[in-house]
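Engineer: Would you mind keeping the following structure in view while I ask a few things?
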Amino acid sequence: MAKLPKPEELLQINYNPPPTEDWMDRPVELKQGNFCWGAKGKNLAAVEFPNARDWTPVEADWKLPKDWEGTVLEAMADRLSKYRSFKVFMDICVRCGACADKCHFFIGGGDPKNMPVLRAELMRSVYRKYFTTAGKYLGKLAGARELDLNVLKEWWYYFYQCTECRRCSVFCPYGIDTAEITLMAREFTNLLGLNTDWISGPVANCYMKGNHLGLEPHAIMNSIEGMIDDIETITGIRINPSFNRKGAEILFVTPSGDLFADPGTFTAMGYMMLFHELGIDYTWSTYASEGGNFGFFTSNEMAKRLNAKIYAEAKRLGVKYIIGGECGHMWRVLNQYMDTWNGPADFMEVPKSPITGTVFDNAASTKMIHVTEFTADLIKNNKIKLDPSRNDDLVITYHDSCNTARGMGLLEEPRYIINSVCNKFHEMPDNTIRERTFCCGSGTGLNASENMEIRMRGGYPRANAVKFVRDKHGVNMLANICAIDRATLSASMDYWVPGVRVTGVHELVANALIMTGEKERETNLRGEPLPGKGGNE
Amino acid sequence: MATMDFQGKSIEVDDDGYLLNLDDWSKELADHLASLDGVTLTPAHWEVINFLRDYYKQYQIAPMIKILVKEIGKAMGPEKGNTKYLYELYPGGPAKQACKYAGLPKPTGCV
Amino acid sequence: MYNTGKIIAGLVVFFILATLPFLLNLGKANAKIEPSIDTPEINAMPKKHCVEPKAFMRSEHMQLLNNWRDQVVRNGNRIYVGSDGNEYPISLQNTCMKCHANKKKFCDKCHNYMAVKPYCWGCHIAPKENEA
Amino acid sequence: MKTVLPFIAVVILVLLPLFGVTVAHQTQIFFGVVVPYTAVAVFVFGFIYRILQWGKSPVPFCIPTTCGQQKSLPWIKQDKLENPVTTMQVVGRMLLEVLVFRSLFRNMKTEMKEGKAVYGSEKLLWLAGLAFHWSFLFIFVRHYRFFVQDVPTAIQLMEGMDSFFQIGAPLFYMTDAVILGAVTFLLVRRVYLPQIRYISLAADFFPLFLILAIAISGILMRYFFKTHIVAVKQLAIGLVSLNPTIPEGIGAIFYVHLFLICVLLMYFPFSKLMHMGGVFLSPTRNMANDSRIVRYINPWNYPVHVHTYEEYEDDFREKMKKAGLPVEKE
């Protein structure tokens, strides 16, 4: 595995590409630390994907199927006829360059092919060659080039270096969204068996076992029991969540990262403590035990196949509606795709909070609400007792996840909650939050360990903004509502901004939550002394 | 995919050197894998490896560190039930390093 | 979904805007524009001539007039020497409009056609024409 | 290459009519009648064809890029223009986008300063873009005085505004200076800024050179190499009333100007200039963020192979029972 350079070394960045070079003449170079290992054959076979075999990206031979060029071009024609976004975005870019320095990978790395416009040109150049007259005859002069193995490798390298965060699309005068192009590139590569291990493994797991981590039903129970023990130690209250229970009012779905990795587990404890305190009638499912969707990083069809479980399980259990946990791309999918793929969800009812009576008209069709919408409503209606001073050892800033910010617009709900459960909150600079938020650097299945260099580079802009508020306000905790954020920002904070830790919003809620009949709490959910309790002021 | 030669047998490993097939594992192989990293396995190391293998057999997944810490603490006494102790044994991270010697696949963490 | 209705509506709007010049001229004849030099003063001239040749006057008269104004108002120079060597008094009313007494049939003819509004008459008094 | 070739191409396009009408008078029919009709036809039908081609592909998913607070709880203020849920709100968002380039207004510049990335204000591209497009539109509409016999008051008013300062004779148009300045800026930027030069194609330089040549030829014609303007209007009216004539006395400069415009019209539908139509079809901007409120339909949605609960339970029944989970089949 490539050794990760020191932060100072990584920051030797030049944003100016070579003055006389033509980007088409620069051959792709697969740099260690900047790509993930190739997909394993067994994981591709598990979901009936073509060309399932083990392969190694650095080897010259990618073991491609015969006439792979034909396969790609045929798929390209097909997707052009199915996605107006793809077709229009292939044609209307004027290369104004507004997007160029908006990508976190470009800001943290300076590789010119990480400018969103150029990433898209990697695809457009091939499109022009085979789908436009000018490109066919004028070739390179018209910005066209033939599809060959080098181009394919370049696609694979750079389209698995795009986290589909959509930040470029915010600044584009035509709204060109590189994510739409990356989605297509990933469709094409998956037709040739060219996925990454880190994506195809979770996809196979999720398909067969219900969640990305591959937690089998009893492993989920075991993990949650561990959390319940911890909750009892901290609060003196034994809670008793239910699983796969028919007739429950609400199905709760969260990313499986919350079930099995710190600090996500503290967020999961937070949900359970809140739901217990409210006494709501909800159930977990071990079958639909994944809110996230690595299929979305693979192909539209795979995403739909994985997502289908949520409605299917809601129907089987007969719930009235669904609450979804804190996760980023999960909510892009739930907000913009789920109902279209697997709806209509007419067997459920419009979500209505059993505590406040608030009807969530904004989820009238999907029947699925975000847990921060649910909790913000509770707090607004004074339905829970909170002691924000329990979070007084924390100086908090909030990171908007790309997908909830730019694929949904969930901006105020989490902020309202944080401000209600904590006393010390500071925003990062305006250019780096809300719709302009920076990706954690590891979305879309890039959160492996063999590609740490590109992850840290991509995470740099976010970390840079955190560093600003750490130095200015003493921020020591980065709150977010995304499972991938919780896992990957921890690594990126350790690397760039040591001393800042990462938390989910509902961990903060549960720390501040005064539960009926609880003992006097000595520690927070992480087992650390509460402010004023351990002399660690 | 890479392979590794051990006792005249070719064993399949992944890009990071983790075994692809759990059945290829043997105690000698564990010792060999550790020696590649310059580590000599002591009984304390073996406690962890054995626990990992048992856990994996039951749940088809490597435990998260929290569970590992708790279980080691339960089995070997509270003085060993902490992250510090495990990191002293496995400086490369108990999850990653110990799983490798135990013949488990590379742990996934959060996805 | 296809948004067929919206696209068609948009294209209809586009088509109308793009072909508006054609639509506005449907069935209209192309009017012939010829400024009249039929005035008593001009008819009385033995050899009809202006201060400069016709082609020059046609395209450059606005600059010439602008220049004349500056000469008189700023430099006090009231004599213009034409390219033919003759001297002419610089005066809109006494030189130009003496011959071209028919503003409506001379000046206005092209100006109206081209939608040009010279600001001569902001200061000068337009000639009173005997005939309409 | 990508800069020089488009430049040479435009020079050739200038020389063609210049020599054409100077050397052989008869080519006036070609440059004054045949080419303009062809150009307008190619433009209008080419444009419609391209839009229909795009329209043939459906929008399968509701994918607006949301740039503000969603509509959720009644006490949280929705950002209606940046995160619309109704058609009117979408129209508002699109108007902002099309009329004042809302997204480009957000632009900023990233630099490495003292070992960290900083984001500075960068409004020049927005300003130049806005100046270019608006002056182009203004100039375009202003030209209607050549195409209608009784020029409407609105057009006359526009012209009055444009020449408000009454400088020189013929009166100087402000938009002439603005478009020259803006196009020059856009051109210089492409050559001078390393990032922009790197991403630029010949197809980015060609329209800039072409538009610059159109503007310059127009300005030369109005202020310097004058032509018989009444005859020009006669020709124009002849064309648009489908009764073409070639009046006497029109200078070559006019044919240069006209020919370049015709080239632009014909080039338009097959180039990036189609962003004019494309911006209206961009799904990230023209859709309401209402996919949780009403079900969005994908016309090619098809059934997929899923791993059902029954299959799942078959795989894990014993483990589920042991862990105390309810099962459907014992």
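Engineer: Looking at B:A98, C:H61, B:V39, which one has the Cα that reaches farthest to the positive end of the dipole of the protein assembly as shown (charges on Cβ: Lys, Arg +1; Asp, Glu -1)?
Structural biologist: About the Cα centre, the residue reaching furthest to the positive side is C:H61.
Engineer: If you don't mind, another one. If you wrap a convex hull around the alpha carbons of chain D, what volume per residue comes out, as a whole number of Å³?
Structural biologist: Numbers: hull volume 88.7 nm³, N = 330.
Cα convex hull per residue, to the nearest whole number: 269 Å³.
Engineer: What's the long-distance tail for chain A, i.e. % of Cα pairs beyond 41 Å?
Structural biologist: Details: 30037 of 143916 pairs.
Percentage above 41 Å: 21.
Engineer: To continue, here is another question. Partner chain Cβ atoms within 10 Å, averaged over the residues of A:190-201 - can you pull that number for me?
Structural biologist: Working: counts 0, 0, 0, 0, 0, 0, 0, 4, 3, 1, 0, 4.
If you average over the peptide's residues, the count of other-chain Cβ atoms is 1.
Engineer: If you look at just the Cα atoms of region A:498-537, how large are its Rg and its Dmax in Å?
Structural biologist: Spelled out, the Cα radius of gyration and Dmax of region A:498-537 are 11.4, 38 Å.
Engineer: Based only on other Cβ atoms within 10 Å, what is the fewest-to-most ordering of C:C110, C:C123, C:C99, A:C172? Working shown, then result.
Structural biologist: On the way: C:C110 16, C:C123 9, C:C99 20, A:C172 30.
Least crowded to most crowded, the residues run C:C123, C:C110, C:C99, A:C172.
Engineer: Okay, next question. Given q = 0.13 Å⁻¹, what are the Debye log10 I(q)/I(0) values for region C:44-122, with equal point scatterers placed on the Cα positions and solvent ignored?
Structural biologist: Treating every Cα as an identical point scatterer, log10 I(q)/I(0) equals -0.42.
Engineer: Let me ask something additional. Please say if region D:104-230 is rounded, prolate or oblate, where rounded means a/c under 1.5 for a ≥ b ≥ c the square roots of the C-alpha gyration tensor eigenvalues, and otherwise the choice is prolate for a/b larger than b/c and oblate otherwise? Could the numbers behind the result be given before it?
Structural biologist: Numbers: a/c = 2.88, a/b = 2.12, b/c = 1.36.
Prolate, since a/c reaches 1.5 and a/b exceeds b/c.
Engineer: Oh, and also: Per the Kirkwood definition applied to all pairs of different Cα atoms, how many angstroms is the hydrodynamic radius of the protein assembly as shown? Each step should come with its number before you reach the end.
Structural biologist: Working: mean 1/r = 0.0301 Å⁻¹.
Taking the inverse mean of 1/r over all distinct Cα pairs, the protein assembly as shown comes out at 33.2 Å.
Engineer: Separate question: Any lysines with Cα under 22 Å of the A:K383 Cα? List them, leaving off those in the same chain fewer than 8 positions away.
Structural biologist: By straight Cα distance, A:K383 reaches A:K320, A:K352, A:K519, D:K77.
Engineer: Relative contact order for region D:4-322 using alpha-carbon pairs under 8 Å, separation at least 6, rounded to a whole percent?
Structural biologist: Details: 320 pairs, mean separation 103.6, N = 319.
Reported relative contact order: 32 percent.
Engineer: Quick check on the protein assembly as shown: helices-only [θ] at 222 nm, where DSSP H runs of length 4 and up contribute -39,500 (n - 2.57) each and the sum goes over total residues. Nearest 500, please.
Structural biologist: Working: 45 runs with 520 residues, N = 1110.
When only DSSP H runs of four or more count, the value is -14500 deg cm²/dmol.
Engineer: Would you mind giving the mean number of other chain beta-carbons within 10 Å of the Cβ of each residue in B:11-21, as a whole number?
Structural biologist: Details: counts 0, 1, 0, 4, 11, 6, 1, 0, 0, 3, 0.
What the average comes to for B:11-21 is 2.
Engineer: Would you work out if region B:24-101 is rounded, prolate or oblate? Take a ≥ b ≥ c from the square roots of the eigenvalues of the alpha-carbon gyration tensor; rounded if a/c is under 1.5, else prolate when a/b is larger than b/c, oblate otherwise. Mind dumping the intermediate values first?
Structural biologist: Values: a/c = 1.79, a/b = 1.26, b/c = 1.42.
Here region B:24-101 falls in the oblate category.
Engineer: Next question, about the same structure. Quick one: compute the contact order of chain A, relative version, from alpha carbon pairs under 8 angstrom and 6+ residues apart, as a percent.
Structural biologist: Details: 1020 pairs, mean separation 90.1, N = 537.
Over chain A, the number comes to 17 percent.
Engineer: Given the convex hull of the Cα atoms of region D:264-315, what is a quarter of its surface area in nm²?
Structural biologist: Numbers: hull surface 28.4 nm².
Quarter of the Cα hull surface area: 7.1 nm².
Engineer: Turning to a different aspect of this structure: Starting from the Cα gyration tensor of chain C, multiply each eigenvalue by 5, take the square root, and state the resulting semi-axes largest first in whole Å. Provide the component values of the computation, followed by the final result.
Structural biologist: Details: eigenvalues 395, 71, 39 Å².
Each semi-axis is the square root of five times an eigenvalue, giving 44, 19, 14 Å.
Engineer: Can you tell me what percent of all Cα-Cα pairs in region A:139-193 are more than 18 Å apart? Each step should come with its number before you reach the end.
Structural biologist: Working: 657 of 1485 pairs.
Here the tail beyond 18 Å accounts for 44 percent of pairs.
Engineer: Only bridges whose two residues both fall in chain A count here: according to DSSP, what percent of them are antiparallel, nearest 5? Walk me through the intermediate numbers first.
Structural biologist: Numbers: 4 of 22 bridges.
Percentage antiparallel, nearest 5: 20.
Engineer: Can you tell me the Rg and Dmax of region A:51-156, counting just the alpha carbons, in angstroms?
Structural biologist: Spelled out, the Cα radius of gyration and Dmax of region A:51-156 are 15.2, 42 Å.
Engineer: Follow-up. Provide the descending list of Cα extents for region D:41-100 along its principal axes, expressed in whole angstroms.
Structural biologist: Computed over the Cα atoms, the extents are 53, 28, 16 Å.
Engineer: Give the average over all directions of the projected area of the C-alpha convex hull of region A:236-328, one decimal, in nm². Mind dumping the intermediate values first?
Structural biologist: Working: hull surface 25.3 nm².
Averaged projected area of region A:236-328's Cα convex hull equals 6.3 nm².
Engineer: For region A:203-512, what value does the Rg/Rh ratio take when both radii are computed over Cα atoms and Rh is the Kirkwood radius, given to two decimals? Please list the in-between numbers first.
Structural biologist: Numbers: Rg = 18.2 Å, Rh = 19.3 Å.
A ratio of 0.94.
Engineer: Rounded to two decimals, what is Rg over Rh for region D:41-182 when you use alpha-carbon atoms and the Kirkwood radius?
Structural biologist: Values: Rg = 21.3 Å, Rh = 19.6 Å.
Rounded to two decimals, Rg/Rh equals 1.09.
Engineer: Another question about this same structure. Stokes-Einstein at 4 °C, 1.567 mPa s, Kirkwood radius from Cα pairs: D for region A:347-503 in µm² s⁻¹?
Structural biologist: Details: Rh = 16.7 Å.
Rounded, D is 78 µm²/s.
Engineer: Let me ask you something else. Please list, or write none, the aspartates and glutamates whose alpha carbon is within less than 16 Å of the alpha carbon of D:K272, excluding same-chain residues fewer than 8 places away.
Structural biologist: The reachable aspartates and glutamates, counting only those whose Cα sits under 16 Å from D:K272, are A:D91, A:E121, D:D204.
Engineer: For A:C440, A:C206, what ranking results if the residue with the fewest other Cβ atoms within 10 Å of its Cβ goes first?
Structural biologist: A:C206, A:C440
Engineer: Hey, another quick one. Return the tail of the calculated pair distribution for region A:271-411, meaning the percent of Cα-Cα pairs more than 27 Å apart.
Structural biologist: On the way: 2345 of 9870 pairs.
When every Cα pair of region A:271-411 is considered, 24 percent fall beyond 27 Å.
Engineer: Turning to a different aspect of this structure: Could you sort out which of A:K246/A:K309; A:K304/A:K367; A:K63/A:K136; A:K87/A:K129; A:K246/A:K367; A:K136/D:K2 sit more than 19 Å apart by Cα distance in this structure? Don't jump to the answer; show the numbers that get you there.
Structural biologist: Values: A:K246/A:K309 15 Å; A:K304/A:K367 17 Å; A:K63/A:K136 29 Å; A:K87/A:K129 14 Å; A:K246/A:K367 17 Å; A:K136/D:K2 17 Å.
The answer is A:K63/A:K136.
Since every read-out is calculated from the coordinates, none of them should be taken as a lab result. A quick note: this is a predicted structure, and the numbers were derived from the prediction, not measured. Using ideal geometry, Cβ is built from the backbone for each residue, glycine included, and neighbour counts are taken over all protein chains shown.
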